[in-house]
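Heads up: the structure comes next, in structure tokens.
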Amino acid sequence: MAPTIRLTVPGTLRYRGIAVRLVAEAARLVSGSSPRDPNDPLDNDVRDPFDTAVVSAFMEIFNNVAIHAYRRKDVGPIQIAITPSATELVIEIEDHGHAFDIDGVAPLPSELDPEALPEGGMGIHIAKTMLDEVTYAPGPPNLWRLCKRFPANQVAREAGRS
């Protein structure tokens, strides 16, 4: 298991790109994917399904913290701890903003009629769909734990190449 990677950024959307880049690179440590152009360090496009799922879910949760927990004000940090391993990526996101009731997020309707979609909580649904685990513990501090497991068949395939 690799050591935990840590980053603290101000809890505003302005710093989302920095955090997302770190998460994308950490996802690559697990998936083994590479940038489109390995000679271009600025090419951080994620195309691998594992990387895309991790980055998409992380962005939704980061947005929720910056927009809802910190209410779009620069009032506190977002602390991110990323632990990659050969089989999964775990991301913990901690903030000192306003807590919320994750169980109060309206469930998705059985028929995905755009008119019937809930007003809020879509980011939570996206994250839960993309990841294997999404947990939230209200604080202070509030703590999100996101986990994406690398598919077992791909882990076996990668191990066979070593």
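Tell me yes or no: at least one residue of segment 116-131 is assigned to a loop (DSSP other than H, G, I, E, B), surrounded by 15 or more Cβ atoms within 10 Å (Cβ to Cβ) and either at pLDDT below 95 or in contact with a Ser or Thr (Cβ under 9 Å, 6 or more places away or on another chain) (or both). Checked segment 116-131: at least one residue is assigned to a loop (DSSP other than H, G, I, E, B), surrounded by 15 or more Cβ atoms within 10 Å (Cβ to Cβ) and either at pLDDT below 95 or in contact with a Ser or Thr (Cβ under 9 Å, 6 or more places away or on another chain) (or both). Within the option set PRO141, PRO77, being modelled with pLDDT of 95 or more, in contact with a Gly (Cβ under 7 Å, 6 or more places away or on another chain) and more than 21 Å from LEU29 (Cα to Cα) holds for one residue only, PRO77.
Within segment 82-100, the residues that satisfy the criterion of being touching a Lys or Arg at 6+ places or on another chain (Cβ under 6 Å) and of a type in the set (Asp, Glu) are GLU88, GLU92. Just to be sure before I move on: is VAL9 over 11 Å from the mean Cα position of the chain (by Cα) and modelled with pLDDT under 95 in the structure I sent? No: the conditions fail for VAL9.
Of all the listed residues (ALA86, ALA57, ALA53, ALA99), the sole one being touching a Pro at 6+ places or on another chain (Cβ under 9 Å), outside any strand (DSSP E or B) and at pLDDT 90 or above is ALA99. Figure legend. Inter-residue proximity from segment 76-89: first residues in contact (Cβ under 8 Å) with a residue 60 or more places away in the chain and under 14 Å from ASP51 (Cα atoms), second residues of a type in the set (Ser, Thr, Tyr) and assigned to a loop (DSSP other than H, G, I, E, B), beta-carbon distance below 9 Å, spacing 6+ or different chains. Indicated pairs: ILE82/THR4; PRO84/THR4. For segment 1-20, a residue qualifies if it is closer than 16 Å to HIS68 by Cβ and out of contact with any strand residue (DSSP E or B) (no Cβ under 7 Å at 6 or more places or on another chain), and the qualifying residues are THR12, LEU13, ARG16. Each residue in segment 4-34 was checked for being touching a residue at least 12 places away in the same chain (Cβ under 8 Å) and outside any helix (DSSP H, G or I), and 11 pass.
The values are calculated or read from the model by the stated rules, or taken from the named source; none is laboratory data. These numbers were taken from a predicted model, which means no experiment stands behind them. Cβ atoms come from the backbone with ideal geometry, glycine included; neighbour counts cover every protein chain shown.
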